[in-house]
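Report on one structure; see the data block that follows.
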Amino acid sequence: MYIAFKHLHVLFVVISVALFMLRFFWVLKSPQQLQKKWVKIVPHINDTFLLLSAIAMIIIVGGAPISGEWLSNKVIGLVGYIVFGLIAFKSANAGMRWVGFLGAVAWLLFLFHVAYSKMPILFA
């Protein structure tokens, strides 16, 4: 059962990252695309399933939500990704949008490292 949720989780991660990249491209080149109803709804639905699959895996292995340093690192990375993602999409300044985008990508790379290595980087 764990493997099934892990595969679902990875699928939702891939979809989430693809939607993030597409939406940032649209912020720069085609802002009107961001007004489409599906663009406003689908990322939230996907991210909800992403979170639910993570919670399911935690329950299956019997861990507390913040047990283990690597999981704490993932939560910190997720918060960093969200904060920089907000900067990428909400900033009126194009330079700050890029700062937000690059910061979000850096946090994504951090999250990928921690997820695959199970080795914490922060507060280890």
Per DSSP, loop chymotrypsin sites (Phe, Trp or Tyr not before Pro) in the range 16-124 with at most 14 further Cβ within 10 Å = Phe123
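Give me Ile58, Ile41, Ile121 ranked fewest to most by other Cβ atoms within 10 Å of their Cβ, as a rough exposure proxy.
Listing Ile58, Ile41, Ile121 from fewest to most nearby Cβ atoms yields Ile41, Ile121, Ile58.
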What is the Å³ per residue value for the convex hull set by the Cα atoms of the range 64-124?
-> 66 Å³
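When each pair of different Cα atoms in the range 1-63 is counted once in the 1/r mean, what is the Kirkwood radius in angstroms, to one decimal?
After inverting the pairwise mean of 1/r, the radius is 12.7 Å.
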Do the sum for the chain: with -39,500 (n - 2.57) for every DSSP H run of n ≥ 4, divided by all residues, what is the mean residue ellipticity at 222 nm, to the nearest 500 deg cm²/dmol?
-> -28500 deg cm²/dmol
Net charge (Lys, Arg +1; Asp, Glu -1) of residues whose beta-carbon lies under 14 Å from that of Ile41, Ile41 excluded, is +3
With 25 Å as the limit, write out which pairs from Lys40/Lys118; Lys6/Lys74; Lys40/Lys90; Lys29/Lys90; Lys6/Lys118; Lys37/Lys90 have Cα-Cα distances beyond it, or answer none.
-> Lys40/Lys118
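For Leu51 and Lys6, compute 0.36 nm times the residue count separating them, minus their Cα-Cα distance, and round to one decimal in nm. List each step's numbers first, then the result.
Numbers: separation 45, 0.36 × 45 = 16.20 nm, distance 1.16 nm.
Computed gain between Leu51 and Lys6 is 15.0 nm.
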Neighbour-count order for Lys40, Lys6, Lys29, fewest beta carbons within 10 angstrom listed first | Lys29, Lys40, Lys6
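Just want the ordering: Lys36, Lys74, from fewest to most Cβ atoms lying within 10 Å of their own Cβ.
Ascending Cβ contact count within 10 Å gives the list Lys36, Lys74.
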Quick one: divide the alpha-carbon radius of gyration of the chain by 2.2 N^0.38 Å and tell me what you get.
-> 1.13
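Can you give the charge dipole size of the chain about its Cα centre, rounded to the nearest 20 debye, using +1 on the beta carbon of Lys and Arg and -1 on the beta carbon of Asp and Glu?
Here the chain has a charge dipole of around 440 debye.
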The ³J(HN,Hα) series, computed from each phi in the range 25-34 with the Karplus coefficients 6.51, -1.76 and 1.60 at θ = phi - 60°, rounded to the nearest Hz and given as x for glycine or proline, is 4, 5, 4, 7, 10, 8, x, 5, 4, 5
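Bear in mind these aren't lab numbers, they're just calculated from the coordinates by the rules spelled out. Small disclaimer: the values here were computed from a predicted structure and weren't measured. We place every Cβ from the backbone using ideal geometry, glycine too, and count neighbours over all the protein chains shown.
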